[in-house]
Each structure stands twice: as structure tokens, then as C-alpha cells.
1. If you check 71, 81, which single one turns out to be in contact with a strand residue (DSSP E or B) (Cβ under 6 Å, 6 or more places away or on another chain), on the phi < 0 side of the Ramachandran plot and assigned to a loop (DSSP other than H, G, I, E, B)?
2. Have a look at 19, 35, 51 and point out the one that is farther than 17 Å from residue 94 by Cβ, more than 16 Å from the ligand (Cβ to nearest atom), loosely packed, with under 14 Cβ neighbours inside 10 Å and at pLDDT below 50.
3. Report every pair of residues separated by at least 6 positions or lying on different chains whose Cβ atoms are under 7 Å apart, first residue within the stretch 97-112 and at pLDDT 65 or above, second of a type in the set (Lys, Arg).
Amino acid sequence: MKSMFKVLVVAAFAVGLAGTVSAEPPGKGTTIYLGSHKAGTQEEIQKLKKGDHYALVCMECESVTVKEVADDKEGEALCHDGGTVHCDSCKKKFTIKHSGTPGKGTTSRKVTYVNADGKPCMFVVPIKK
Ligand SMILES: [Zn+2]
């Protein structure tokens, strides 16, 4: 399961995350969409509810961790400006930062996860079924 996500994300990197990457795992009939943005939008992440899945992609250690939302507050916590998210693989902490301004053709802000140097190092991809 984990390696499949890695392949998908590598493919997403390869196309510069310009389009939506989708795949249908054999026998499952589930389509997984990796968003076209490096970081999910605040709106998308906030929509995560208990039982939903999301991929936490860490560029620092090149890992993809698929997580299940434990409670309805998790989505909020994942896009809380100034909060932190930590990577299960490299144990590093990243700071949640909002970017972009709502309005002007877009209603949602992008959420980025930056390291101590302010460099975006992680992103959350809500997995839609
Ligand atoms: Zn990591």
C-alpha cells in the first residue's frame, strides 16, 4: 500500500504537480486523486472528517504517510496557521503557514508546511474516494 502511494507521488512530482493524478488500485475500485496543488487548500483540509484518509507527503525525507483522521478536529488542526505537524518518518516538525489571499477568483487559502528555514517541505493531500 505504502509503495503504491510513493509511486503515485513520484509521478505527481514528475509532472510538476500540474495535473490531477489518479489511479485505480486493482480490485478495489477506489480512485485516489492527488490534488493538483503542492499544498491542499485550507478549505479542502478542513473538510477532512473522522474516518477520512489523507496523505502526508514529506519532501525532507521523501516519504508518504497515509493517515486516517481520528476526529473531526484533526482537519482544523492540520491547517491551523502557526500550528505544527510532525513527520512520522523523519520526526521533524513543520510549521503550518497560510499563503495566498482569499477573494480575487479564489475562495480558499493554500496551506503550506515549512521547515525552520521557511522552506515548504511538506504537503497534505486529502484522499477522495
Ligand atoms: Zn519526513
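1. Details: 71 fails: in contact with a strand residue (DSSP E or B) (Cβ under 6 Å, 6 or more places away or on another chain).
Of the residues listed, the single one that is in contact with a strand residue (DSSP E or B) (Cβ under 6 Å, 6 or more places away or on another chain), on the phi < 0 side of the Ramachandran plot and assigned to a loop (DSSP other than H, G, I, E, B) is 81.
2. Working: 35 fails: loosely packed, with under 14 Cβ neighbours inside 10 Å; 51 fails: at pLDDT below 50.
Just one listed residue meets the conditions, 19.
3. 98/109; 99/109; 99/110; 100/109; 100/110; 112/97
Residue-by-condition table, conditions (1) surrounded by 15 or more Cβ atoms within 10 Å (Cβ to Cβ); (2) charged (D, E, K, R); (3) more than 10 Å from the ligand (Cβ to nearest atom):
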{"position": "92", "(1), (2), (3)": "yes, yes, no"}
{"position": "97", "(1), (2), (3)": "yes, yes, yes"}
{"position": "118", "(1), (2), (3)": "no, no, yes"}
{"position": "121", "(1), (2), (3)": "yes, no, no"}
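The values are calculated or read from the model by the stated rules, or taken from the named source; none is laboratory data. What you see is a predicted model, and the numbers here were worked out from it, not measured in a lab. No Cβ is skipped: glycine too gets one built from the backbone with ideal geometry, and neighbour counts run over all protein chains shown.
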